[in-house]
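Engineer: Dropping a structure here in structure tokens format, bear with me for questions.
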Amino acid sequence: MKKFSLIILIFFLISKASFACDITFINFGDKSDKLMENPGSLPFEDEFKGKKILIPTSYICPNNEKLNDTMAEYLFVDDKLVSIILTRAFMNDNALMDFAMNKYGKFKLPIGVDKKNWRGSHTWEVGNNIIFYVHANTEEGPAELIEISSKLYSQELYNYNDKVSEWLDSQQQ
């Protein structure tokens, strides 16, 4: 009986690890050079002192097939990580919702609405992290997004987004 219990425990731990995905393997506030060591890194710099590094989740989470076709975007402002965004578009599933609920905690959906059909957004906090989840329909199909940011760097993120918004507004005139 002990042997059987041990086998079940080992199987559970191995299967749990194979679906694990630590997108926060780099800490908020860390410099971008730490992320550039990843072979799938694709960096973009902008005029607002921001640097975005895109990495397909297949490089970060090679054992998590549910997150295939998901892009991770790491935003650095003044060479400090301030935000991580996962984007999954045109997939008819809830892979990012499942990921968010498993990693950061479940949130309640409206009564009578099936998880697969739910569209909307939810924001919650875990420790110093702010998690923002969106599932929406676009003209091209469904899209999911998770943004993880830190309360410790929220002012830097706010200032960056404010500069980008001002620029976007100036382009409309």
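Engineer: Restricting to region 84-107, give me the number of residues that are outside any helix (DSSP H, G or I) and touching a Cys at 6+ places or on another chain (Cβ under 9 Å). So that I can check it myself, show each step before the final result.
Structural biologist: Residues of region 84-107 outside any helix (DSSP H, G or I): 84-94, 105-107.
Subset that is touching a Cys at 6+ places or on another chain (Cβ under 9 Å): none.
Here the count works out to 0.
Engineer: Kindly establish whether Glu47 is of a type in the set (Asp, Glu) and part of a strand (DSSP E or B). Before you say what the answer is, go through the steps one by one.
Structural biologist: Working: of a type in the set (Asp, Glu): yes; part of a strand (DSSP E or B): no.
It is false that Glu47 is of a type in the set (Asp, Glu) and part of a strand (DSSP E or B).
Engineer: Continuing with this model, one more query. For region 48-86, how many residues meet the condition of being touching a residue at least 60 places away in the same chain (Cβ under 8 Å) and farther than 26 Å from Pro142 by Cα? Let's see the steps before the verdict.
Structural biologist: From region 48-86, those touching a residue at least 60 places away in the same chain (Cβ under 8 Å) are 48-50, 75, 77-78, 80-86; that's our starting set.
From what is left, the residues that are farther than 26 Å from Pro142 by Cα are 48-50, 77-78, 80-82.
Going through region 48-86 one residue at a time, the tally reaches 8.
Engineer: Separate question: If a residue has to be under 16 Å from Asn117 (Cα atoms) and surrounded by 13 or more Cβ atoms within 10 Å (Cβ to Cβ) to count, how many in region 128-165 make the cut? Break it down into steps so the answer makes sense when it comes.
Structural biologist: To start, the set of residues in region 128-165 that are under 16 Å from Asn117 (Cα atoms) comprises 133-138, 141-145.
With surrounded by 13 or more Cβ atoms within 10 Å (Cβ to Cβ) added as a condition, the list becomes 133-135, 142-145.
Matching residues across region 128-165 total 7.
Engineer: Now for a different question. Does Lys108 satisfy the condition of being out of contact with any strand residue (DSSP E or B) (no Cβ under 7 Å at 6 or more places or on another chain) and in contact (Cβ under 8 Å) with a residue 60 or more places away in the chain? I'd like the intermediate steps shown before the answer.
Structural biologist: Values: out of contact with any strand residue (DSSP E or B) (no Cβ under 7 Å at 6 or more places or on another chain): yes; in contact (Cβ under 8 Å) with a residue 60 or more places away in the chain: no.
No.
Engineer: For region 52-83, what are the residues that are among the hydrophobic types (A, V, I, L, M, F, W, C) and either out of contact with any Asp or Glu (no Cβ under 7 Å at 6 or more places or on another chain) or not in a strand (DSSP E or B) (or both)? It would help to see each step written out before you state the result.
Structural biologist: Going residue by residue through region 52-83, those that are among the hydrophobic types (A, V, I, L, M, F, W, C) are 53-55, 60-61, 67, 71-72, 75-77, 81-82.
Selection gives Ile53, Ile55, Ile60, Cys61, Leu67, Met71, Ala72, Leu75, Phe76.
Engineer: For region 111-139, name all the residues that are under 13 Å from Thr87 (Cβ atoms) and touching a residue at least 24 places away in the same chain (Cβ under 8 Å). Working first, answer last.
Structural biologist: Kept after step one, since they are under 13 Å from Thr87 (Cβ atoms), are these residues of region 111-139: 132-136, 138.
Once the filter is applied, which keeps residues that are under 13 Å from Thr87 (Cβ atoms) and touching a residue at least 24 places away in the same chain (Cβ under 8 Å), region 111-139 yields Tyr133, His135, Thr138.
No value in this document is a laboratory result; all are computed from the given coordinates. Being a predicted model, the structure only gives us computed values, none of them experimental. Counting neighbours? That spans all protein chains shown, and the Cβs are built from the backbone with ideal geometry, glycine included.
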